[in-house]
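A.B. asks: Please see the structure below; I have some questions.
The values are calculated or read from the model by the stated rules, or taken from the named source; none is laboratory data. Nothing here was measured: the structure is a model prediction, and the numbers come from that model. Because the Cβ atoms are built from the backbone with ideal geometry, glycine has one as well, and the counts that use them run over all protein chains shown. To get the accessible areas, we keep the full protein, side chains included, count just its heavy atoms, and leave off ligands, DNA and RNA. Shrake-Rupley method; radii C 1.70, N 1.55, O 1.52, S 1.80 Å.
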Amino acid sequence: MPSSATTLSVPDLANIQSLARDDMGAVDALIRRRLASDVVLINQVAEYIVGAGGKRLRPMLLLLAAGALGHRGPQAHQLAAVIEFIHTATLLHDDVVDESDLRRGRKTANAVWGNAASVLVGDFLYSRSFQLMVELEQLEVMKILADTTNRIAEGEVLQLLHVRNPDTDEPAYLRVIERKTAVLFAAATRLGALLAGSDAAVQQRLHDYGMALGYAFQIADDVLDYASDAQTLGKNLGDDLAEGKATLPLIHAIAHSDEAVRARLRAAVEHGDSDAMPEVLAAIHATGGLDYSRRRARDYADAAEAALDGLDDNDYVAALRGLARYAVSRDH
C-alpha cells in the first residue's frame, strides 16, 4: 500500500479512481459473473444498467476505506459488488417510481423494457446481493446491510410522501437524503473498516465520513438540477421539479420569497409544473438558493473530512478526503 499521501493529486477523480483501478477491475468481473441468470431478460436488463458506466462511487468507497486501514482482497471485492447490486436495484426502482426516461445520458431500463421488468430485475439484484453477503458468513456484515436496505426502503416511501408537497422543509428533505443516499455511503465505508478489523471507534469514524459524504453528494446533485445542463448532467434538467420534488434550492426559495412568488412556487411543486422552470430559477437566484445549498453541501463535505482526522495518513485516506471535495466541485 502506498505510504505517502503527497503522491496523489486530489480532488482529481481520475487519480482517485486509478488508486482503486485493479480492485475495481476485480469487482466488475465479479459483478458480471454473479449477474448471470438462465432467465434471458434478467441478463439483458441487468447488463444494460450495470454496463451503463457511472462513477461506481459506492463500491469504490468500500475499497478505499478498507485500503485506508490496510485491507485489500477478495472479501472487499465481494462486499463492493454487494454495494453496487443494492445501488443498482434502487436505481431501477427509482426510475419506475419517478417515471424517468433518461439516466446518464441514455434511456432508462423502464423506458426500454417497461416498468414491470425493471421492478422485477431490481428485486433479483436485491436478492442476489443477499446471496453474496451470506457467502461471507459474517453476521455483523449481514446486520449492517440488512439494516441499510431497510432504511433505503423507508427512504423511498418517505420521498413518495413528499412528492408534490410544497410544505417539505429542510429537515424533512434531509431525512429523505439520509435514508435514500447517505446510509448506503455509510454502510460502504463502515464495512471497509470492519473488513480491516478496525475497532468500534474507527468503524464509527468511517461510518460518519460516509454519512456526511452522502449528504454532501446528494445536495450537490440537487444543485446541479438547477445549475447544469442536460448534456452535462446526463438527465433532463428540471426533472426534480417535473416530478414534484422540492429539493434544497427550491425549499430555500419558497421560504425566502414574498407571498406572491411563494404561492407560484408552491403551485409549481404541487402540479409538477416544469413550464414554471424560468420563474422557479429566477426565484432561486433572487433568494440565493444555489449559494445556500452549495454552502450546506460544503459543510457536510467538511464534516466528512473531519471524521478522518486521527487516521494514519496514506494515499487511501487522501483519496477519501479528495472525494469529499470532489463531491461539491463536480459538474455532473
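A.B. asks: Can you find, within segment 278-332, the residue that is nearest to Leu248 (Cα to Cα) among those that are of a type in the set (Gly, Ala, Ser) and outside any helix (DSSP H, G or I)? Quick ask: steps written out before the conclusion?
C.D. replies: Going residue by residue through segment 278-332, those that are of a type in the set (Gly, Ala, Ser) are 282-283, 286, 288-289, 293, 297, 301, 303-304, 306-307, 310, 318-319, 322, 324, 327, 329.
Narrowing the set further to residues that are outside any helix (DSSP H, G or I) leaves 288, 310, 329.
Working: Gly288: 11, Gly310: 32, Ser329: 17 Å.
Selected residue: Gly288.
A.B. asks: Also, I was wondering about something else. Identify, please: which residue in segment 22-64 is under 18 Å from His93 (Cβ atoms) and among the small types (Gly, Ala, Ser) and is, among those, least open to solvent (accessible area, probe 1.4 Å)?
C.D. replies: Filtering segment 22-64 for residues that are under 18 Å from His93 (Cβ atoms) and among the small types (Gly, Ala, Ser), the one least open to solvent (accessible area, probe 1.4 Å) comes out as Ala46.
A.B. asks: Now for a different question. Going residue by residue through segment 209-229, is there one that turns out to be part of a loop (DSSP other than H, G, I, E, B), modelled with pLDDT of 95 or more and under 23 Å from Ser274 (Cβ atoms)?
C.D. replies: In the first step, residues of segment 209-229 are kept if they are part of a loop (DSSP other than H, G, I, E, B); the result is 228-229.
Adding the requirement that they be modelled with pLDDT of 95 or more leaves none.
There is no residue in segment 209-229 that is part of a loop (DSSP other than H, G, I, E, B), modelled with pLDDT of 95 or more and under 23 Å from Ser274 (Cβ atoms).
A.B. asks: Moving on. Under 7 Å by Cβ, and 6 or more places apart or on different chains, what pairs join a residue from segment 268-296 that is farther than 18 Å from Glu243 by Cβ with one that is polar (S, T, N, Q)?
C.D. replies: These pairs meet every condition: Ala283/Ser257; Thr287/Ser257.
A.B. asks: Do any helices (runs of 4 or more DSSP H) lying entirely in segment 114-195 carry at least 2 residues that are at pLDDT 95 or above, more than 30 Å from Pro249 (Cα to Cα) and over 14 Å from the mean Cα position of the chain (by Cα), and which ones are they? Give the steps one after another, and end with the answer.
C.D. replies: On the way: elements: 115-135, 139-162, 170-177, 183-195.
Of the helices (runs of 4 or more DSSP H) lying wholly inside segment 114-195, those with at least 2 residues that are at pLDDT 95 or above, more than 30 Å from Pro249 (Cα to Cα) and over 14 Å from the mean Cα position of the chain (by Cα) span 115-135, 139-162, 183-195.
A.B. asks: Show the residue pairs meeting these rules: Cβ distance below 9 Å; 6+ apart or different chains; first residue within segment 162-174 and within 17 Å of Arg151 (Cβ to Cβ); second residue polar (S, T, N, Q) and open to solvent by 30 Å² or more (accessible area, probe 1.4 Å).
C.D. replies: Listed pairs, sorted by first residue: Ala172/Asn165.
A.B. asks: Also, quick follow-up: Which of the residues that make up segment 285-300 are among the aliphatic types (A, V, I, L, M) and open to solvent by less than 30 Å² (accessible area, probe 1.4 Å)? Spell out the reasoning first.
C.D. replies: Kept after step one, since they are among the aliphatic types (A, V, I, L, M), are these residues of segment 285-300: 286, 290, 297.
Answer for segment 285-300, where residues must be among the aliphatic types (A, V, I, L, M) and open to solvent by less than 30 Å² (accessible area, probe 1.4 Å): Leu290, Ala297.
A.B. asks: If you don't mind, another one. Please state which of the following conditions Ser329 fails to meet, knowing it meets all the rest: (1) among the hydroxyl-bearing types (Ser, Thr, Tyr); (2) out of contact with any Leu (no Cβ under 6 Å at 6 or more places or on another chain); (3) crowded, with 20+ Cβ neighbours inside 10 Å.
C.D. replies: Evaluating Ser329 over (1) among the hydroxyl-bearing types (Ser, Thr, Tyr); (2) out of contact with any Leu (no Cβ under 6 Å at 6 or more places or on another chain); (3) crowded, with 20+ Cβ neighbours inside 10 Å leaves (3) as the failure.
A.B. asks: Return the only residue of His256, His252 being farther than 27 Å from Ala65 by Cα and open to solvent by 50 Å² or more (accessible area, probe 1.4 Å). Write out each step before concluding.
C.D. replies: Details: His252 fails: open to solvent by 50 Å² or more (accessible area, probe 1.4 Å).
That would be His256, the only listed residue that is farther than 27 Å from Ala65 by Cα and open to solvent by 50 Å² or more (accessible area, probe 1.4 Å).
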